[in-house]
1. State, to one decimal in nm, how far the label point of A:HIS169 lies from the label point of A:ILE189, with both points 7 Å from Cα in the Cβ direction.
2. What FRET efficiency do you get for A:TYR30 and A:LEU87 if R0 is 35 Å and r is their Cβ-Cβ distance, rounded to the nearest 0.05?
3. So, counting K/R as plus one and D/E as minus one, what does the shell of residues with Cβ under 12 Å around A:TRP186 add up to?
4. What list of ³J(HN,Hα) values in whole Hz, one per residue of segment B:76-81 in order, does the Karplus curve 6.51 cos²θ - 1.76 cosθ + 1.60 (θ = phi - 60°) give from phi, with Gly and Pro shown as x?
5. Once R0 is set to 30 Å, what does the formula 1/(1 + (r/R0)^6) return for the Cβ-Cβ distance between B:LYS93 and B:ALA145, expressed as a FRET efficiency to the nearest 0.05?
6. In deg cm²/dmol and to the nearest 500, what is the mean residue ellipticity at 222 nm of the protein assembly as shown if only DSSP H runs of at least 4 residues count, each as -39500 (n - 2.57), divided by the residue total?
7. Viscosity 1.002 mPa s, temperature 20 °C: give me the Stokes-Einstein translational D for chain A in µm²/s, with Rh taken as the Kirkwood radius over C-alpha pairs.
8. Over the alpha-carbon set of the protein assembly as shown, divide Rg by the Kirkwood Rh and report the Rg/Rh ratio to two decimals.
Amino acid sequence: MVKPKMTVIWDLATRLFHWSLVILVSTCLYTGLSGGLDEMDLHMVSGYGVLALLIFRLMWGFIGSKHARFLSFIVSPHRVWQYLRSLGNPSRHKQPEAEYPLGHNPLGGYAIVAMIFLLLSQAVTGLFASDDIFIEGPLIHLVSYEQSRTLTGLHHLSSKLLMGLIALHLLAVAVHEILLKDRIVWPMITGRKQLPEKFATVTDTQHKPLMAIVLFTTASLSVYVIVDVLWW
Amino acid sequence: MTYPFSPEWKLIHFFGAMSRVTTMKVIRLMTSLLLGSAVLIASANPEGEARYRQGVMTSVGGHMTAISMIMRQGIHRDSLKFHADALAALAKKSQSIYPEGSNVGRSEALPAIWEKPDAFRKATQRFIDASEAFAEAADSGDQGAVGQALRGLGGSCKGCHDDFRAKS
Ligand code: HEM
């Protein structure tokens, strides 16, 4: 028996990004909600990590690898509709790529955009937030007390929206794994996915490691500038 | 059918009750009216009271910011005791800055302060105790004790803000 061909879908940087984000956002949520004063120190550090990852991801979305690019997974609403209609079709892996997407699916693409947007608003409002006790974001001096109150309120609000979106994301993953029998968790770990026969000619996604390192260094430096140089 | 609820019945009941009013009851009524107006006069300036309270709280916050910089940046260590004492003094004030009816204008004081006076008193007492413990720790100079007491103090702020201050 010939071993089925495994194709690289997710490059290394995108996977590292994904799982670091999982760890750091969980840390942010846990520490933020527990609200203890010691936890809040960790909250800020992990929040900066999230910010660095997001800045990296925004750049990676333009010059990164194939399936990580925004232009590859933000598609017309019509295709989202087509895709949703095809879900009930058991032979959909024989359908054109519109209905058996290799990277993010058409609906998932919008979920990624929503996730990045919410996380950005979360991290950016955090920079101006304060608990009026012991913790304040490093850019709080750029806004008035009232404005900081408002931004802190938005920080709380978007954390709730974020938890909703994360729940939705997990639900969608479960639907793929269990109902649609579409293995998507393992490929996000190993990068490889066993594709239907008709995709036999699809080539492996390029990792572009050098590019990823340069971009991530740039992102980390920007965060350093925000939290240390711009601090007062 | 209308008997217990009719206006006539209420009138009859009222006069019946009146005729049984004793001198004691009149006196009690007068006293409570007097006390009531005394409370009204005490908070006759609710806007001023609210702003005053915010001023006190801003001072509390200011000392906390200073303490935070001492602890995090390691500067002005010899002023720790000063800020701790100031906080302890301000904490003692915190029971008298909530006259009834003073959650007006831009005040973020929640009605729960007056609806649950016992819980609120506990919150102010916790603040007083925590600030005294912190002042003692600052006096001792023991870094571990200072950190521990500061956590307790911050917890007392947070506990009260969670229950009695409007969310941002
Ligand atoms: C992007 C990841 C982040 C997430 C998921 C997150 C989440 C949260 C959550 C859930 C809370 C508690 C809200 C509540 O009590 O209802 C919180 C509070 C807070 N966060 Fe974040 N946060 C993030 C990033 C940041 C950053 C980068 C900073 C600033 C350096 C920051 C500063 C704060 C502050 C000062 C509070 C306390 C606000 C208060 O107690 O009213 N956060 N955050």
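Quick note: the coordinates plus some simple rules give every number you see, no bench work behind them. What you see is a predicted model, and the numbers here were worked out from it, not measured in a lab. Using ideal geometry, Cβ is built from the backbone for each residue, glycine included, and neighbour counts are taken over all protein chains shown.
1. Roughly 1.8 nm, to one decimal.
2. On the way: r = 34 Å, r/R0 = 0.97.
Step by step, r from the Cβ atoms, then E = 0.55.
3. Local charge sum for A:TRP186: +2.
4. 6, 4, 6, 9, 4, 4
5. 0.75
6. Dividing the helical sum by the residues of the protein assembly as shown leaves -22000 deg cm²/dmol.
7. In µm²/s, the coefficient is 111.
8. The Rg/Rh ratio comes out at 1.17.
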